[in-house]
Amino acid sequence: MLNLLVLLPLLGVLLSRMISTFSEPLARWWSVLVLGVNTVIIASLYGNWGSAVLLGQVIPSTANRPAIHLALEINPLNWIFALVATVILLAVALFSIRGMSDLENGGKNLKTYHVLSLLLSTSVYGFFLSENLLTLFVFWEFMTWVSFFMVSMGKPRSRSAAMVFVTMSALGAATFLGAVAIIYRLAGTLSISGLSTALYRQPAGVGYGIMGLLLFSALVKSGTFPLHTWLRKTHGHAPNVFSPVLSGLLTKFGVFLGAIVFLLFPVMKWSPQLFSLMGISSFNYLFAALGAVSILVGTFLAIRQEDAKMLVAYSSVSHAGYILLGLAISSSLGVAGSLLHVMNHALSSAAMFLSMAAVYHVAGTTKMSQLGGLVDKMPVTFATYLIAIISTAGIPPMGGFVSKWLLYQALIEKGMIFLATAAFIGSIGSFLYVFTPLAAVFLGQRPKALEHAKEVPVVMQIPMVVLSLFTILLGVLPSIALRWINGAIRWIDPQASWLTPIPITLSKIQGAFGAWDSVLVFFVFGLGVVFAGILFYLFRKNRRVGYLENYTAGEVPVEVIQSPELYHYSYQFYKPLTDMYAKFPSMEEAYEKGIAGNIARLAAATAHIFYNGSVRWSVFLALAGTMIVLGVR
């Protein structure tokens, strides 16, 4: 059944084109059906660890090395990622049946988009279930190019965003392929489950060099600082229904590669050969610190955003930092917190992007200064966003708090006070940036243009509700997911030499410095919400006012009529704070104006040398170059 996960979407592509010639709506539902079947298959594979299937031979065997195949294999670690993937893919496919209003050329590209989404599903399942690094690389590249075409189908400046995405991905792919070639040359195998044994006898310097190449690729794909610069532009101009997949799922390609490097390489056997910091190797501590910086950078950049989609995009940079932090620490609490945060962030970020896609479907924009007062017009969308941001900000009783709690426990257990402080500041900052869309989009005054707004169709509401319910479930009973994670921990380290399962019961999680009773906390918070709601409805005395009635004693200046968004109460909501770091160096400017600008100038200078408008000069250079080559030979 394992190969069906890859083959069914491919078969679905062929049938989708046939079905669309008779009925376009039926073709959209066909994608949902295919992904629904794959969801059932993934669920049924739980516990069938070690099941494998060969897709084809790539490198034949020799006297010294076994053959290398494209192959799939199921294990407790990749099953978790595959399960998250299938939930996100299915939810987005259902939402996209009606939520594709921002595609360029409208219906003309609709058929192509649904075909590409099935091809993307093939790459996702193939990547997460890869048996070896070569299979991983093939599906990595497959995903990159399919995503390139999907990003370019958005309306405003999407093609330039797609070029940025594919350029950064190509950079990561080059280092990935180089690492794969070195591993095969040294170890003679590319099997993921056998990496630790195969690389054990290599010198620590060589091992850490290989890890550095792979982790560079992982940082690119996960959008972690300092290789995060593609995220804002790609999210901002990609189709709205693709952003949940991009943030909730495709950035997890880098996370999965990072998990392989930190958890399956023989780091613990190499550590004595490299000086340690805070009980871990200095190599690991370097990436843990990088994760902490990513948390802060993503948080402070998200606070500055005036577009809701770009705000959520930068929040992904921050959460990639949390995940990297836990993986780099590589303790039981850190690994459990990271893997649980993968699930929490995938669900919450997908829900936030879907809610913003719903707002765009109704209002035609995600620019917060042009929105407001949609809470009573779009209650399901509002509830979806509210539940997602509670989890994103790490507030009880949602799942995001549990994973962050485990990560804090891991940091304090190791005595990493500075990294713990950075993670805590990031959590406080997340309260600020997630509140901005809540206030600007759903609360406050409603512009006249949105007076006739209404909730999106039911078929778009269902996936938002489902993602919200899963987010709540991970907060109430995180022990369900932690049982899966404990199984992955046992598979990673069967001898429990450096990783041990997290002690859990149905409602309690045991940390390093106490326990967390998720069910008790949920009921306490639930009673508080009910009590607050009763007070609000019994004693409210509010009156709805006009869009500009709360300014200048009711008088409307001329500049307000010309640019009313300047007087939107949430416009530049945190300007006093953002002014404090507005002039800090920008990695995006460093890449675009610095590196990219210098490359462009070098290319222009080279072009001028070889062709400056004179045909004779160009012919002379061509002949001179030919004679030099022949002379050298």
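Remarks
- Amide proton proximity set for Asn132, modelled H, under 5 Å, gap of 5+: Ala71, Ile192
- With a simple spin-label model that places each label point 7 Å from the Cα along the Cα-to-Cβ direction, the separation between Ile428 and Leu11 comes to 5.6 nm.
- Estimated inter-spin distance, Trp49 and Gln445, nm [label 7 Å along Cα→Cβ]: 6.0
- Region 425-531: C-alpha pair distances exceeding 20 Å, %: 67
- Förster radius 51 Å - calculated FRET efficiency between Arg540 and Phe513 (Cβ-Cβ, nearest 0.05): 0.75
- Backbone phi angles across region 393-402, fed through the Karplus curve with coefficients 6.51, -1.76 and 1.60 (θ = phi - 60°), yield HN-Hα couplings of 6, x, 9, x, x, 7, x, x, 5, 5 Hz in residue order; Gly and Pro are listed as x.
- Given their separation in residues at 0.36 nm each and the Cα-Cα distance between them, Phe22 and Ala174 gain 50.4 nm when the chain is fully extended.
- Entries of Lys252/Lys404; Lys367/Lys454; Lys221/Lys404; Lys233/Lys414; Lys252/Lys454; Lys404/Lys454 with Cα pairs more than 29 Å apart: Lys233/Lys414; Lys252/Lys454; Lys404/Lys454
- Karplus-derived HN-Hα couplings along region 88-97 (A = 6.51, B = -1.76, C = 1.60, θ = phi - 60°), whole Hz, x at Gly and Pro: 5, 4, 5, 4, 5, 4, 5, 4, 6, 4
- Shape class of region 4-526 from the Cα gyration tensor (axes a ≥ b ≥ c, square roots of the eigenvalues): oblate, since a/c reaches 1.5 or more and a/b does not exceed b/c.
- Stretchable slack from Val37 to Arg185, in nm (0.36 nm times residue separation minus alpha-carbon distance): 49.3 nm
- Ranked by how many other beta carbons lie within 10 Å on average, peptides 231-238, 142-149 from highest: 231-238, 142-149
- Phi angles of region 348-363 translate, via the Karplus equation with coefficients 6.51, -1.76, 1.60 and θ = phi - 60°, into HN-Hα couplings of 6, 5, 4, 5, 5, 5, 5, 5, 5, 5, 5, 4, 5, 4, 8, 9 Hz per residue; Gly and Pro are given as x.
- Residues whose placed amide H lies under 5 Å from that of Val58, excluding near-sequence neighbours: Ile68, His69, Leu70
- Taken about its Cα centre, region 4-526 carries a charge dipole of roughly 560 debye when the Cβ of each Lys and Arg holds +1 and the Cβ of each Asp and Glu holds -1.
- Under a 5 Å amide H cut-off, with hydrogens placed 1.01 Å from N, Gly511 pairs with Trp516 among residues at least 5 apart or on other chains.
- Shape category assigned to region 17-56 from the gyration tensor of Cα positions, a/c cut at 1.5: oblate
Each value in this text was obtained by applying a stated rule to the coordinates, not by laboratory testing. Keep in mind the model is a prediction, meaning the values are calculated, not measured. Backbone-built Cβ (ideal geometry, glycine too); neighbour counts: all protein chains shown.
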